[in-house]
1. Within the range 59-70, track down each residue that is of a type outside the set (Gly, Ala, Ser) and either surrounded by 22 or more Cβ atoms within 10 Å (Cβ to Cβ) or over 18 Å from the mean Cα position of the chain (by Cα) (or both).
2. So if I check each of Leu139, Leu156, Leu190, Leu184, which one is closer than 21 Å to Val105 by Cα, surrounded by fewer than 19 Cβ atoms within 10 Å (Cβ to Cβ) and of a type outside the set (Gly, Ala, Ser)?
3. Please determine whether any residue of the range 142-162 is in contact with a helix residue (DSSP H, G or I) (Cβ under 7 Å, 6 or more places away or on another chain) and more than 19 Å from Ala87 (Cβ to Cβ).
4. Using the structure shown, decide if Gly101 is at positive phi and more than 20 Å from the chain's Cα centre (by Cα).
5. So which residues in the range 44-81 are without any contact (Cβ under 8 Å) to a residue 40 or more places away in the chain, polar (S, T, N, Q) and out of contact with any helix residue (DSSP H, G or I) (no Cβ under 6 Å at 6 or more places or on another chain)?
Amino acid sequence: MTARRIGLGSALLGVVVLAWALVLKQTDGMMAAGIWPYLSLWVVMTVAMMLPSAAPMLLLVDRLSSSAATPLFAVGYLLAWTAFGAAAYWIGSLVAWPATGALLVAAGVYQVLPLKHACLRRCRNPLGFLRDHAGESPLRVGIIHGAYCVGCCAGLMVVLLALGMMNVVWMALVAAAVLAEKLLPGGERLAPASAVVLVASGAWIGLT
C-alpha cells in the first residue's frame, strides 16, 4: 500500500469520525430547522453513514486516476445524496408522513425490489462500475455512483424517516446494515432478511 493510499484512508477515517462527532451533538428537528440548516445536517449525516461503505470506491478512483479526480468524485457523490435529502425535505413539507408502521413496511418492501438489487450490484462492483464509465468526468461519475447508492439505500433511509432522522442509535444500525450489504461476502443476501424484519416490525406497530 502506497503512502498516498494510506494518507487518503487516514483522511477518510478522520472525516467520518468528525462527522459522527458532529452528529452526536445534534438533536431531532431537522425538518423544522429550515432548508439550509437541514441540508447542512443532511450532508454531515451522509458523510457519517455512507462514506465508510463508499471508501473502497474512493480508494479505487484514487488508484486508477489522478489525485484531482478523487475530490471531484466525492463532491459528485455528495451532490447525489444532497439532491435526495432535498427531495425528502420537499415531500415532508407538503405531505404528512404516514404512520411509522407503514413507513417500515414500505422500507421492507423496497428491500426486495429489483431496483434495489440492481443498484446494490453496481455498488458491490466498484471496478466494473468504473470500467463502464471510463473516460467520463470524475464529477459526473461521482454523481452517477451516488445515484446508485441512493437507489441501494433508499429503503433503509426510510427507516430513519420513520424512527427519527437524527436518532444516533438508528443511524448507527442503518449505517452498519449499509456497510454489510455493500462490503461483506454475500451481503446482497442480507436485504431479504432485513425486509422480513422491517415488514414484521411495521405490521406489529400498526396493530398495536
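Values quoted throughout were computed directly from the atomic coordinates according to the rules given, and no laboratory measurement underlies them. These numbers were taken from a predicted model, which means no experiment stands behind them. With ideal geometry, Cβ positions are generated from the backbone for all residues, glycine too; neighbour counts draw on all protein chains shown.
1. First, the residues of the range 59-70 that are of a type outside the set (Gly, Ala, Ser): 59-64, 70.
Of everything in the range 59-70, those that are of a type outside the set (Gly, Ala, Ser) and either surrounded by 22 or more Cβ atoms within 10 Å (Cβ to Cβ) or over 18 Å from the mean Cα position of the chain (by Cα) (or both) turn out to be Leu60, Val61, Asp62, Arg63, Leu64, Thr70.
2. Leu190 is the lone residue from the list that is closer than 21 Å to Val105 by Cα, surrounded by fewer than 19 Cβ atoms within 10 Å (Cβ to Cβ) and of a type outside the set (Gly, Ala, Ser).
3. Checked against the condition, which is being in contact with a helix residue (DSSP H, G or I) (Cβ under 7 Å, 6 or more places away or on another chain) and more than 19 Å from Ala87 (Cβ to Cβ), the range 142-162 yields no hits at all.
4. The answer is no for Gly101.
5. Residue satisfying the conditions is Ser66 alone.
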